[in-house]
Amino acid sequence: MSDPKTMQRMMDFRMGTVRIIREKLLPALRKSYEDVLAATEGADLLVSHPLAYADRLVSEKTGIPWVSTMITPYGFFSAYDLPWFPPAPVLSKRLRFLGPTFWRPVRVLNLLATRYWAEPWYRLREEIGLPQTSELNPLVNGHSKLLHLALFSKQLGNKQLDWPRHSVITGFPTFDEDGEAELPAELTRFLNDGPPPIVFTLSVSAATVGGRFFEHSVAAAKLLGRRAGHTQLNV
């Protein structure tokens, strides 16, 4: 999706995730299932992305062990470490103090309210001869009972009581490539000139729709009295 308007629509704070799932991912579910089925022939293990909804179906159909993943703490929507809720960010921030007793039922209601998203997934599941499943919403809280990898650092979030039992926080990988690439001299001087800086990045998905992200990043660094740098992909 290289078109800026399309990216802006898909990355909308409140509705972006819904649009990606319902307009892009689910219409391609059957093709995705066929592709993964072919790609995993003879495989020993299947490790999935949170949005690769066909992977679990392939695992159950073929018997290949499946490891699920989550790439951000937000994806767990823990009642013990509540993220901002996109439809009502101000409300969720102000009511955060109510704790798990209040937010656990809200989480369940959210799963029930979005369960209809999974209708194409349920239809395909039935077509390929798999039994019914009991999750409130397999697109949101479907995870492997073998292993669930939290692909982020504990600096961003610790394991909570309502995470899947088999969750393991992996931390970030350490860059250890022994290539010949060197840092630009100006960047090397900056790094050696003081304490480690805060590094801001838009990663991949939001690279073309960052808006005022870096302006806000600079303001946050100044507020903290910290050095900072930013990285940006060429897209």
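Using the Cβ-Cβ distance between Leu156 and Glu186 with R0 set to 41 Å, the FRET efficiency works out to roughly 0.90.
A cut-off under 10 angstrom between Cβ atoms defines the neighbours of Pro195, and their net charge, with Lys, Arg +1 and Asp, Glu -1, is +1. Listed from fewest to most Cβ neighbours within 10 Å, the set Glu34, Glu186 follows the order Glu186, Glu34.
With R₀ set to 35 Å, the beta-carbon distance separating Ala43 from Leu109 gives a calculated FRET efficiency near 0.40.
For the chain, the longest principal axis of the alpha carbon atoms and the long axis of helix 99-113 meet at an angle near 60°. Using a 10 angstrom cutoff on alpha carbons, build the Gaussian network for the chain and name the most mobile of Ser217, Ser78, Ser167. Largest GNM mean-square fluctuation: Ser217.
Near Thr133, no amide H atom lies under 5 Å from its own; only residues 5 or more places off or on other chains count, and H is placed 1.01 Å from N.
Packing, as the average of other Cβ atoms within 10 Å across residues, places the peptides 194-202, 55-63 in the order 55-63, 194-202, highest first. Close amide-amide hydrogen proximity is noted between Ser167 and His148, each under 5 Å apart and 5 or more residues distant or on a separate chain (H modeled in the peptide plane; Pro and chain starts excluded).
How much FRET efficiency would the formula 1/(1 + (r/R0)^6) give for Gln132 and Trp84, where r is the Cβ-Cβ distance and R0 is 35 Å, rounded to 0.05? That pair, Gln132 with Trp84, gives E of 0.55. Considering only Ala39, Ala28, Ala54, the mean-square fluctuation computed in a Gaussian network model of the chain, springs between alpha carbons under 10 angstrom, is largest for Ala39. For the charge dipole of region 1-119, defined by +1 on Lys and Arg C-beta atoms and -1 on Asp and Glu C-beta atoms about the Cα centroid, which residue among Met70, Leu37, Ala113 has the Cα displaced farthest towards the positive pole? Farthest towards the positive pole: Ala113.
If the Kirkwood radius is taken over C-alpha pairs of region 1-149, then at 4 °C and 1.567 mPa s the Stokes-Einstein diffusion coefficient equals 77 µm²/s.
Mean residue ellipticity at 222 nm, helices only, the chain: -10000 deg cm²/dmol; runs of at least 4 DSSP H residues each add -39,500 (n - 2.57), and the sum is divided by the number of residues.
Across region 185-231, Cα pairs under 8 Å and at least six residues apart give a relative contact order of 52 percent.
For the chain, the relative contact order is 17 percent, taking Cα pairs closer than 8 Å that sit 6 or more residues apart in sequence and dividing their mean separation by the residue count. Excluding residues on the same chain fewer than 8 positions from Lys159, give the lysines whose Cα lies under 23 Å from its Cα. Straight-distance partners of Lys159: Lys93, Lys145. In this structure, the amide hydrogen of Ser144, modeled 1.01 Å from its nitrogen in the peptide plane, lies closer than 5 angstrom to those of Ser68, counting only residues at least 5 positions away or on a different chain.
Each Lys and Arg adds +1 at its Cβ and each Asp and Glu adds -1 at its Cβ; summed about the Cα centre, the chain shows a dipole of about 1360 debye.
Counting neighbouring beta carbons within 10 Å and listing from fewest to most, the residues Leu51, Leu91 come out as Leu91, Leu51. A simple rule links phi to the HN-Hα coupling: the Karplus curve 6.51 cos²θ - 1.76 cosθ + 1.60 with θ = phi - 60°, which for region 19-30 gives 5, 4, 5, 7, 9, 10, 7, 5, x, 9, 4, 5 Hz, with x for Gly and Pro.
None of the figures in this text is laboratory data; all of them are computed from the coordinates on show. Source: prediction; values computed, not measured. All Cβ positions, even for glycine, are placed from backbone atoms using ideal geometry, and neighbour counts span all protein chains on display.
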